[in-house]
1. Being within 16 Å of the ligand (Cβ to nearest atom), among the basic types (Lys, Arg) and either more than 26 Å from Lys6 (Cα to Cα) or open to solvent by less than 30 Å² (accessible area, probe 1.4 Å) (or both) is the filter here, so list the residues in the stretch 119-150 that pass it.
2. How many residues does the stretch 71-111 contain that are open to solvent by less than 70 Å² (accessible area, probe 1.4 Å) and farther than 22 Å from Gly174 by Cβ?
3. Considering each residue of the stretch 3-34, count those that are closer than 16 Å to Leu63 by Cα, touching a residue at least 40 places away in the same chain (Cβ under 8 Å) and part of a loop (DSSP other than H, G, I, E, B), and give that number.
4. Only residues that are within 16 Å of the ligand (Cβ to nearest atom), over 17 Å from Phe122 (Cβ atoms) and not in a helix (DSSP H, G or I): list them for the stretch 54-105, please.
5. Step by step: first the residues of the stretch 213-231, then only those that are open to solvent by less than 10 Å² (accessible area, probe 1.4 Å) and over 12 Å from Asn178 (Cα atoms), then the one that is nearest to the ligand (Cβ to nearest atom). Which residue is that?
6. Kindly list the number of the only condition in (1) over 20 Å from Gln208 (Cβ atoms); (2) part of a loop (DSSP other than H, G, I, E, B) that fails for Ser51.
7. List every residue pair whose Cβ atoms sit under 7 Å apart, with the two residues 6 or more apart in sequence or on different chains, where the first one lies in the stretch 172-197 and is within 13 Å of Tyr223 (Cβ to Cβ) and the second, anywhere, is open to solvent by 20 Å² or more (accessible area, probe 1.4 Å) and not in a loop (DSSP other than H, G, I, E, B).
Amino acid sequence: MPSRKKLIIGNWKMNFNTHDASIYLHRLQEAITERRDVQVIVAPTTLTLQSLSLQVNRRKVKLAAQNFYWRDFGPYTGETSATQLRGIVDYGLVGHSERRYLFHEQEKDIRYKVQAAVRNGFKPILCVGETRAERTNKETHAVLYDQLTASLANITSDEVGNVIIAYEPVWAIGTGDNAKSSDVVKAGSVIRRTLRNLYGDKVSKDVQIVYGGSVTSSSATDYLSIPGIDGLLVGGASLQLYEFSEIIKKAHDMQK
Ligand code: 13P
């Protein structure tokens, strides 16, 4: 199987103002080299996307939206649509657990957002993962299956190669309690198997799967070495330029 590109994604969440985001991006672009086999992506707050899109060197870094609404235009106060982000971002996070649990996003919203991203020419990074209670109840497998089948219901086999799946166990996010490699191996194979059931063997192999949850430069290599895991979705550690650059460097070293 040809190896899929490694993705290193920094989710800045609700951090950095326009000025700080611009300085960070400038320094990041200085710190990293252009590589075909590793794609660096940052997801800044929506406010900064427009100006960063004018600054970004897309050969080194691509932009992702953290969130967007699935309808194209209309009376939806406070929302930004995928249509409005067209041409500004190359990726968009969908179904992050902070959106699911803090902002009560439902499977229907997530399904429509995945579809809206594809319709508007950028790649959805669909986040799935179990809560601590679901893990304790041994429901991880069922949760991943249910989230994937519900979220991908409107996506065809021609489109699914443009969807990235992020396995983000909720209990590992922002807790320092990162998943063990064995947890990620198991979840990765459930995700791949579900994709195979939905879309067949050939197409499912093209889908990139990444891990997120308390990743640091010390744990990055372990996750990146897992067969079938194609990258990392980094929260807290992506806010520190040195840490994030180290994670990118680890991915570079592994692709040599
Ligand atoms: P942390 O790396 O801070 O745990 O966050 C992970 C995450 O939510 C990335 O989307």
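The values are calculated or read from the model by the stated rules, or taken from the named source; none is laboratory data. Small disclaimer: the values here were computed from a predicted structure and weren't measured. Positions of Cβ are backbone-derived with ideal geometry, glycine not excepted, and every protein chain shown enters the neighbour counts. Surface areas here come from the heavy atoms of the whole protein model, side chains and all, with no ligands, DNA or RNA. Shrake-Rupley method; radii C 1.70, N 1.55, O 1.52, S 1.80 Å.
1. Arg132, Arg135
2. 14
3. Total meeting the criteria: 5.
4. Those that are within 16 Å of the ligand (Cβ to nearest atom), over 17 Å from Phe122 (Cβ atoms) and not in a helix (DSSP H, G or I): Phe103, Glu105.
5. Ranking the qualifying residues of the stretch 213-231, first place goes to Gly231.
6. Result: Ser51 fails condition (2) only.
7. Ser181/Asp222; Ala187/Thr140
Quick grid of which residues meet (1) crowded, with 17+ Cβ neighbours inside 10 Å; (2) under 19 Å from Tyr91 (Cα atoms):
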| site | (1), (2) |
| --- | --- |
| Asp158 | no, yes |
| Val170 | yes, no |
| Gly176 | no, no |
| Ser181 | no, no |
| Arg196 | no, no |
| Asp206 | no, yes |
